[in-house]
Amino acid sequence: MYSVKLGEELIHPSKVLCIGRNYLEHIHELNNAIPDDMVVFNKPATAISSVLKAFQQERIHYEAEICFLVKEGKYQAVGLGLDLTKRGLQSQLKEKGLPWERAKAFDGSALFSRFIPVAGLDMNSLELELFINCVRVQKGDVSQMMYSPQMILNELKSYTTLCDGDIVMTGTPKGVGEVHAGDVFLARLKCAEASLIEIEWVAE
């Protein structure tokens, strides 16, 4: 429980570190201000699940992201993730100037594919695609990020200890939306047009 897979090995992260507002088009999509500094928030290990739920107290929104596993302070492996959000609650909290945790860090708010080693991969050529019911809704790559994966890693290490197995979620491109029960999600990680990972979730 609360684990991800690297090959056949089960990894138990101590935390999930998430970057918000890292794609300009997504910032505009949600009518957010462009931040002066990197937006970072955490999810606990208990947020990790393999079940995609469409409703938890309110409707849930999806955000597909390129994700990395950390080992010895470096990126060891790459995969895909869904950062799930209670968007209504998040909006209420933001209006009051309050933290987002209750809208972002709830149980079941982080889903992940398997991870594969980054050795031999050009991280600057990584790209994600998300399809819902065979329609592509999100597409983004590292070149569109305001903060590259390495910049993110450097910033995180400047203020917190990254434990082996921790996961870094690098933000989502435009195209986020609501999860509906029965939706079939297909996420794909590519590198220079070569498909590396495919993962399917069916929303409950």
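Numbers for the structure displayed
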item: Meets criteria (modelled with pLDDT of 95 or more, under 19 Å from Tyr159 (Cα atoms) and of a type in the set (D, E, K, R)) for Lys43; result: yes
item: Close pairs (8 angstrom Cβ cut-off, 6 or more residues apart or separate chains): at pLDDT below 95 in segment 180-204, surrounded by fewer than 17 Cβ atoms within 10 Å (Cβ to Cβ) anywhere; result: Ala192/Asp122; Ala192/Ser125
item: Pick from segment 139-159, criterion more than 24 Å from Leu84 (Cα to Cα) and of a type in the set (Ser, Thr, Tyr), ranking: most open to solvent (accessible area, probe 1.4 Å); result: Tyr159
item: Extreme residue, nearest to Gly171 (Cα to Cα), among residues of segment 1-40 that are among the β-branched types (Val, Ile, Thr), in contact with a helix residue (DSSP H, G or I) (Cβ under 9 Å, 6 or more places away or on another chain) and modelled with pLDDT of 95 or more; result: Ile19
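The values are calculated or read from the model by the stated rules, or taken from the named source; none is laboratory data. Nothing here was measured: the structure is a model prediction, and the numbers come from that model. Glycine gets a Cβ as well: all are built from the backbone with ideal geometry, and neighbour counts include every protein chain shown. Heavy atoms of the whole protein, side chains included, go into the accessibility calculation; ligands, DNA and RNA do not. Shrake-Rupley method; radii C 1.70, N 1.55, O 1.52, S 1.80 Å.
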